[in-house]
């Protein structure tokens, strides 16, 4: 015999479906990030406002650094540009000929990472020498003393990236004197935070347009 009273109390399929229907959430509308302005200078494009942008490295502002090759600081050259437009990450491309250092042997309070895009180089790290080839990745935790020198028979193209999370709150690090680095003209004459002392052996750098053929195709 069918218990009609129990059947009447049983929920229907429609009732069950309704009971388990998830609550409807309001649509998500992310804030729109505006496009940054790029300013055309005599040396190339530079960001002029906060926001996203696309910029070809060949169209950007470059620096000719006698004895240290060429560089393009993609995320700001000076303190104003870095803190205003790129407060979290620093990124640059450096191009050096064989025997040229990319900079002075130093350590920083932030993590730094490097990728060899083309050519060969020499890593000087904590007093040691390590040869580098295309696609070698170099990781330097905070406090790692290091420098790079071009090697091989052609230019070395190095992508450089570093955190900027804490640099605004204190010293960035130190340029260091080191015998191994000195053999490659990459040593500071003394441990110092003064870049003018550390790089006194090099002529001043200057802004320049991208030198044709500097980057590989």
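The values are calculated or read from the model by the stated rules, or taken from the named source; none is laboratory data. Model, not experiment: these values are computed from the prediction. Heads up, the Cβs are rebuilt from the backbone with ideal geometry, glycines too, and the neighbour counts pull from every protein chain shown.
Inside segment 32-69, residues that are within 30 Å of residue 121 (Cα to Cα) and in contact with a strand residue (DSSP E or B) (Cβ under 7 Å, 6 or more places away or on another chain) make up a count of 15. Restricted to segment 112-181, the set of strands (runs of 3 or more DSSP E) holding at least 3 residues that are over 18 Å from the mean Cα position of the chain (by Cα) and surrounded by fewer than 19 Cβ atoms within 10 Å (Cβ to Cβ) comprises 128-132.
Contact annotation: residue pairs with Cβ atoms under 9 Å, 6 or more positions apart or on different chains, pairing a residue in segment 55-84 that is touching a residue at least 12 places away in the same chain (Cβ under 8 Å) and at positive phi with a partner that is in a helix (DSSP H, G or I) and buried (at least 18 other Cβ atoms within 10 Å of the Cβ), are 76/82. Checking each residue in segment 126-166 for being touching a residue at least 60 places away in the same chain (Cβ under 8 Å), out of contact with any helix residue (DSSP H, G or I) (no Cβ under 7 Å at 6 or more places or on another chain) and farther than 20 Å from residue 65 by Cβ picks out 163, 165. Counting only residues that are in contact with a strand residue (DSSP E or B) (Cβ under 6 Å, 6 or more places away or on another chain) and without any contact (Cβ under 8 Å) to a residue 40 or more places away in the chain, which one in segment 182-192 is surrounded by the most Cβ atoms within 10 Å (Cβ to Cβ)? Out of the qualifying residues, it is 192.
Residues of segment 182-199 that are in a loop (DSSP other than H, G, I, E, B) and over 18 Å from residue 149 (Cα atoms): 190, 191, 193, 194. Close Cβ contacts (under 7 Å, 6 or more residues apart or on different chains) running from residues in segment 200-212 that are farther than 24 Å from residue 186 by Cβ to residues that are at pLDDT below 95 are absent.
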